[in-house]
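A.B. asks: Next up is a structure, given as structure tokens.
The values are calculated or read from the model by the stated rules, or taken from the named source; none is laboratory data. Note that this is a predicted model, so its numbers are computed, not measured. In this analysis, Cβ positions are derived from the backbone assuming ideal geometry, glycine residues included, and neighbour counts consider all displayed protein chains. Areas reflect the complete protein model, heavy atoms only, side chains present, ligands, DNA and RNA absent. Shrake-Rupley method; radii C 1.70, N 1.55, O 1.52, S 1.80 Å.
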Amino acid sequence: MKTKIFKKEDLQEAAELLSSGELVAFPTETVYGLGAVACNPDAVAKVFEAKKRPSFDPLIVHVISRKQVEKLVKELPEKAVALMDAFWPGPLTIILPKTDIVPDIVTSGLETVALRHPNHPIAQKLIELSGEPLAAPSANLFTHTSPTSADVVLSMLDGRIEGIVDEGTCAVGIESTVISLAEEKPTLFRPGGITVEMIKEVIGEIYVAPPTGHLSTAPGRHMKHYAPRTPMLLDETPSVAQKDKKLAQLCFCDTDKKEEIFEEIAVLSPKGDLREAARNLYAAMRRLDGSGVDTIFATSVPQEGLGIAINDRLTRASGH
Ligand code: TXA
Ligand code: MG
């Protein structure tokens with residue numbers, strides 16, 4: 001198949017493809033998603049195929065209204081409503097017990113479904129035009145970094161999906177925060193655009209799951225998940241032997257740069273702004289990965305606010 005590039009004027013055509021059971025990638029405020037009508041199991045199966053994603057890793061369902069949420073979940077606890085009111089539309093994914101309307105293939109057989117109301121006009125319009133919630137994982141091949149622009153989606157999925165809606169780069173740059181309200185205590189599975197402090201202000205104490213953990217409840221939390229193909233080390237300095245190789249540095253701000261050691265350097269935010277760093281993270285990893293170096297030496301960013309999500313991705317990418 002030839003993958004079509006759509007602009008925002010062509011959303012009707014893109015929505016029709018989705019309704020007919022095809023896959024279309026689209027921008028959200030976090031990263032590009034690979035969409036399929038959530039309640040069409042055949043379409044959802046194509047998502048796993050196109051991404052080469054193992055079937056045990058469930059998808060996020062994207063919604064635009066309370067009405068859609070109510071059809072998909074068994075109950076809507078007070079804390080869920082509070083989180084939705086505070087952070088939707090936005091980069092927060094909420095896991096709740098699912099109804100039978102949600103096909104098992106979407107949730108990899110789990111009794112829960114992950115829901116998110118994206119804060120991006122294109123994503124919202126596509127859900128509105130297709131008239132149904134859209135299942136959409138990040139639009140990358142399995143284990144690759146999430147795409148923050150349409151050309152990166154195309155580089156991985158050209159010929160594997162029907163279309164991509166191209167609408168520039170994503171404002172947040174890293175994936176949504178994932179919180180489960182289906183556990184005994186609200187549990188953070190993935191740090192992201194909405195920080196732990198922001199969530200605590202709304203619903204009180206939450207349990208922050210360590211980066212690896214039960215695969216049964218949070219199947220997507222493989223350590224090596226956001227990976228460049230070039231070996232990446234976190235917070236290490238090159239050994240004497242390594243100094244003869246071509247080395248790259250991935251660092252937070254200008255003052256971290258070590259030009260005398262590294263051939264290639266990517267600075268996430270010259271002045272040290274965590275939002276800018278999040279926005280640039282995946283493009284920077286991808287550039288260094290493609291630069292032909294032997295090893296990437298990354299340094300973690302301040303462990304606060306969005307920095308927690310950035311460090312989480314850096315840790316996973318470096319495969320520790
Ligand atoms: O920002 C985002 O969340 C982007 C955009 C496109 O919305 N989507 C995204 O999807 O990052 P994905 O599939 O790459 O990551 C979703 C994560 C996975 O780690 C998956 O395992 C987890 O959420 N997940 C989905 N449903 C779950 C469930 N019912 N229980 C536990 N974890 C779940
Ligand atoms: Mg992903």
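A.B. asks: Looking at segment 173-198, which of its residues are outside any loop (DSSP other than H, G, I, E, B) and either surrounded by fewer than 24 Cβ atoms within 10 Å (Cβ to Cβ) or of a type in the set (A, V, I, L, M, F, W, C) (or both)?
C.D. replies: 178, 179, 180, 187, 188, 189, 190, 196, 197, 198
A.B. asks: Between a residue in segment 128-157 that is farther than 19 Å from residue 278 by Cα and open to solvent by less than 10 Å² (accessible area, probe 1.4 Å) and any residue that is among the acidic types (Asp, Glu) and within 16 Å of ligand 2 (Cβ to nearest atom), which pairs come within a Cβ distance under 9 Å, given they are 6 or more apart or on different chains?
C.D. replies: Partner pairs satisfying both residue conditions: none exist.
A.B. asks: Going through segment 16-40 one residue at a time, which ones are surrounded by 24 or more Cβ atoms within 10 Å (Cβ to Cβ) and in a helix (DSSP H, G or I)?
C.D. replies: The answer is 18, and nothing else.
A.B. asks: Do we find a residue being within 15 Å of ligand 2 (Cβ to nearest atom), under 13 Å from the mean Cα position of the chain (by Cα) and in a strand (DSSP E or B) anywhere in segment 140-158?
C.D. replies: no
A.B. asks: Is there a residue being under 28 Å from residue 155 (Cβ atoms), open to solvent by 30 Å² or more (accessible area, probe 1.4 Å) and assigned to a helix (DSSP H, G or I) anywhere in segment 56-76?
C.D. replies: no
A.B. asks: Only residues that are basic (Lys, Arg) and within 16 Å of residue 144 (Cα to Cα): list them for segment 276-320, please. Write out each step before concluding.
C.D. replies: Within segment 276-320, the subset basic (Lys, Arg) is 279, 286-287, 313, 316.
Of everything in segment 276-320, those that are basic (Lys, Arg) and within 16 Å of residue 144 (Cα to Cα) turn out to be 286, 287, 313, 316.
A.B. asks: Another question about this same structure. Looking only at segment 82-99, count every residue that is open to solvent by 10 Å² or more (accessible area, probe 1.4 Å) and either without any contact (Cβ under 8 Å) to a residue 40 or more places away in the chain or out of contact with any Phe, Trp or Tyr (no Cβ under 9 Å at 6 or more places or on another chain) (or both) and tell me the total. Step through it out loud before you land on a result.
C.D. replies: From segment 82-99, those open to solvent by 10 Å² or more (accessible area, probe 1.4 Å) are 82, 84-89, 91, 95, 97-99; that's our starting set.
Checking which are either without any contact (Cβ under 8 Å) to a residue 40 or more places away in the chain or out of contact with any Phe, Trp or Tyr (no Cβ under 9 Å at 6 or more places or on another chain) (or both) leaves us with 82, 84-89, 91, 97-99.
Total satisfying the criteria: 11.
A.B. asks: A further question follows. Since residue 48 meets every condition but one in (1) more than 13 Å from ligand 2 (Cβ to nearest atom); (2) open to solvent by less than 30 Å² (accessible area, probe 1.4 Å), which condition does it not meet?
C.D. replies: With (1) more than 13 Å from ligand 2 (Cβ to nearest atom); (2) open to solvent by less than 30 Å² (accessible area, probe 1.4 Å) applied to residue 48, the lone miss is (1).
A.B. asks: Can I ask one more? Could you tell me whether segment 179-192 includes any residue that is of a type in the set (Phe, Trp, Tyr) and within 16 Å of ligand 2 (Cβ to nearest atom)? Give the steps one after another, and end with the answer.
C.D. replies: First, pick out the residues of segment 179-192 that are of a type in the set (Phe, Trp, Tyr): 189.
Imposing the further condition that a residue be within 16 Å of ligand 2 (Cβ to nearest atom) reduces the set to 189.
Scanning segment 179-192, I find at least one residue that is of a type in the set (Phe, Trp, Tyr) and within 16 Å of ligand 2 (Cβ to nearest atom), so the answer is yes.
A.B. asks: Separate question: So which residues in segment 266-282 are in contact with a helix residue (DSSP H, G or I) (Cβ under 9 Å, 6 or more places away or on another chain) and surrounded by fewer than 19 Cβ atoms within 10 Å (Cβ to Cβ), if there are any at all? Give the derivation first.
C.D. replies: In the first step, residues of segment 266-282 are kept if they are in contact with a helix residue (DSSP H, G or I) (Cβ under 9 Å, 6 or more places away or on another chain); the result is 266-272, 274-275, 277-278, 281-282.
Of everything in segment 266-282, those that are in contact with a helix residue (DSSP H, G or I) (Cβ under 9 Å, 6 or more places away or on another chain) and surrounded by fewer than 19 Cβ atoms within 10 Å (Cβ to Cβ) turn out to be 270, 271, 272, 275.
A.B. asks: Follow-up question, since we're still on this one. Kindly indicate whether any position in segment 120-130 is of a type outside the set (S, T, N, Q), at pLDDT 95 or above and within 11 Å of ligand 1 (Cβ to nearest atom).
C.D. replies: We begin by selecting, within segment 120-130, every residue of a type outside the set (S, T, N, Q); these are 120-123, 125-129.
Applying the additional criterion that residues be at pLDDT 95 or above yields 120-123, 125-129.
Narrowing the set further to residues that are within 11 Å of ligand 1 (Cβ to nearest atom) leaves 120, 123.
Yes: one or more hits.
A.B. asks: Of the numbered conditions (1) modelled with pLDDT of 95 or more; (2) more than 22 Å from residue 311 (Cβ to Cβ); (3) near ligand 1 (Cβ under 10 Å from one of its atoms), residue 166 fails exactly one; give the number of that condition.
C.D. replies: (3)
A.B. asks: Is there a residue being under 19 Å from residue 4 (Cβ atoms), within 12 Å of ligand 1 (Cβ to nearest atom) and of a type outside the set (Lys, Arg) anywhere in segment 145-162? Walk me through it before giving the result.
C.D. replies: Step one: of segment 145-162, the residues under 19 Å from residue 4 (Cβ atoms) are 147, 149-162.
Checking which are within 12 Å of ligand 1 (Cβ to nearest atom) leaves us with 147, 153.
If we keep only those that are of a type outside the set (Lys, Arg) as well, we get 147, 153.
Yes, some residue in segment 145-162 is under 19 Å from residue 4 (Cβ atoms), within 12 Å of ligand 1 (Cβ to nearest atom) and of a type outside the set (Lys, Arg).
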